[in-house]
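Inspection log for the structure reproduced underneath, given as structure tokens.
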């Protein structure tokens, strides 16, 4: 998906910028970037971080860059920040986005006289470059930023830096967060609120949906007021968010405890131990164990010092192999045991099936699977949870297609999202058999939303029930 961080400081900001960006490393795996503005103008560095962490790749840049303004990102796809020269002057731009209407925007821009876009290595247009082109359609930056937010179908949050300061703009529906931190002589803007706390910043405030602010070392001023409609991604709490994260004032770790407790309250199996698939499944498992009284245990450990994250590289077979190689069994906690295993979700099902087989091979007697969210029935239109080209990559959709002999309509899909329906039960049983689980029970949508604890109308649930 990606995350970003920006600093406006009375003193040099590079130290804060470097570590603030690094604290977003869990959100992306492809590119990292830093851009600063100081006495010598703009300076920028972008590196591939697929095989080395952000800090390693940017350590030399940190030693040579200087400036009182800076923005940067961890990106799951496109190289950024970009340095853009236009009638607005020169500015640096970084985004967190998923743009579904790229072709329509591109066509409209060409018709208005835009000459070209530079293709990335995969043949796609850099989404941040496309956003810059939209911003440049208007006479001033604020109108341009607002125009970009209005035009993009999907999601878009922005940090834009020029010689005057940093403009931060949150997605129109608040699908991704922007929080502002403050300390003496500096303000920062961040995707993750914990990213600035060890740097001495305190929580200042969270931007509302569609809000645009201007940030300098002295203040943070609202230029466009927030809208009323909010649809924050619920998956931020289930999977994306680091345990120390909070969104809309709700702690990720605490939400996951709540989620696990809700699952335990509805369950009827009595395993020997409860475990979580590292890392995001662990807190859900703690909540389940606390509620059920069944001991929490770690029957396998993820070896993280040298292996990259499990969803890299992009080739699925290599991802599966790396995911398997990262898991180290603790035989004494597996052999002849009945295990209940909680993962954040089931997407394709491949990795969880291999994890289950790994546990059986290590001597497990039973493996009960409890995903922390409902079945994923719809491909996300708003965040880059997966760059899959088809919803048929989802195991739920493949099973539904098989059960319905290819006659899948919107009405049929709605039946499969109802946890009290017969079709839902059939789907879950087919998934269980296909992935070789002893039992399978998904978390219910109503329980999961209750675990978040904020107004349900402010949460996006599209991937589970198709409701925008």
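If I take every Cα pair under 8 Å that is 6 or more residues apart in the chain, average their sequence separation and divide by the length, what percent do I get for the relative contact order?
For the chain, the relative contact order is 12 percent.
Take the alpha carbon atoms of the chain, find their radius of gyration, then divide it by 2.2 N^0.38 Å using N residues; give the quotient.
1.00
What is the log10 of I(q)/I(0) for the stretch 3-229, computed with the Debye formula using one identical point scatterer on each Cα and no solvent, at q = 0.12, 0.18 Å⁻¹?
-0.58, -1.37
Report Rg (one decimal) and Dmax (nearest whole number) for the stretch 213-252, counting Cα atoms only, units Å.
Both quantities, over Cα of the stretch 213-252: 13.9, 36 Å.
From Cα pairs below 8 angstrom and at least 6 apart in sequence, can you work out the relative contact order of the stretch 1-83, rounded to a whole percent?
That works out to 45 percent.
For Cα pairs less than 8 Å apart in space and 6+ apart in sequence, what is the mean separation divided by the residue count of the stretch 3-229, i.e. the relative contact order in percent?
The value is 20 percent.
For residue 436 paired with residue 225, estimate the spin-label separation in nm (one decimal), with each label point 7 Å from Cα along the Cα-to-Cβ line.
Computed distance between label sites residue 436 and residue 225 equals 6.0 nm.
If packing is taken as the average number of other Cβ atoms within 10 Å across a peptide's residues, how do 42-52, 129-139, 109-119 rank, most packed first?
The densest-packed peptide leads the list: 129-139, 42-52, 109-119.
Compute the orientation-averaged projected area for the stretch 164-254 from the convex hull of its Cα atoms and round it to one decimal in nm².
The directionally averaged projection comes out at 5.7 nm².
Angle check, please: helix 102-111 long axis (alpha carbons) against the longest principal axis of the chain (alpha carbons), in degrees 0 to 90, nearest 10.
Long axis of 102-111 versus the principal axis of the chain: about 20 degrees.
Would you mind getting me the FRET efficiency between residue 411 and residue 338? Use the beta-carbon distance for r and R0 = 30 Å, nearest 0.05.
0.15
Run the numbers for residue 426 and residue 55: contour at 0.36 nm per residue of separation, minus the present Cα-Cα distance, in nm.
Residue separation times 0.36 nm, minus the Cα-Cα distance, leaves 128.8 nm.
Show that you can apply the helix-only estimate: for the chain, add -39,500 (n - 2.57) for every DSSP H stretch of four or more residues, divide by all residues, and state [θ] at 222 nm to the nearest 500. Present the calculation step by step, with values, prior to reporting the outcome.
Values: 14 runs with 142 residues, N = 468.
The per-residue figure over the chain is -9000 deg cm²/dmol.
Which angle from 0 to 90°, rounded to the nearest 10, does the C-alpha axis of helix 280-292 make with the longest principal axis of the chain?
Here the helix axis deviates by roughly 50 degrees.
Just to be sure I understand the model, the point goes 7 Å from the Cα along the line to the Cβ. What's the resulting residue 115 to residue 147 distance in nm?
Rounded to a tenth, the inter-label distance reads 1.9 nm.
Calculate how steeply helix 141-151 sits against the longest principal axis of the alpha-carbon atoms of the chain, using the helix alpha-carbon long axis, and give the answer as 0 to 90 degrees to the nearest 10.
30
Could you give the length gained on full extension between residue 360 and residue 101, defined as 0.36 nm per residue of separation minus the Cα-Cα distance, in nm?
So the extension gain works out to 88.7 nm.
Only the coordinates and a few stated rules stand behind these numbers; no lab work does. Note that the coordinates shown come from a computational prediction; the quantities given were computed from them, not determined experimentally. Heads up, the Cβs are rebuilt from the backbone with ideal geometry, glycines too, and the neighbour counts pull from every protein chain shown.
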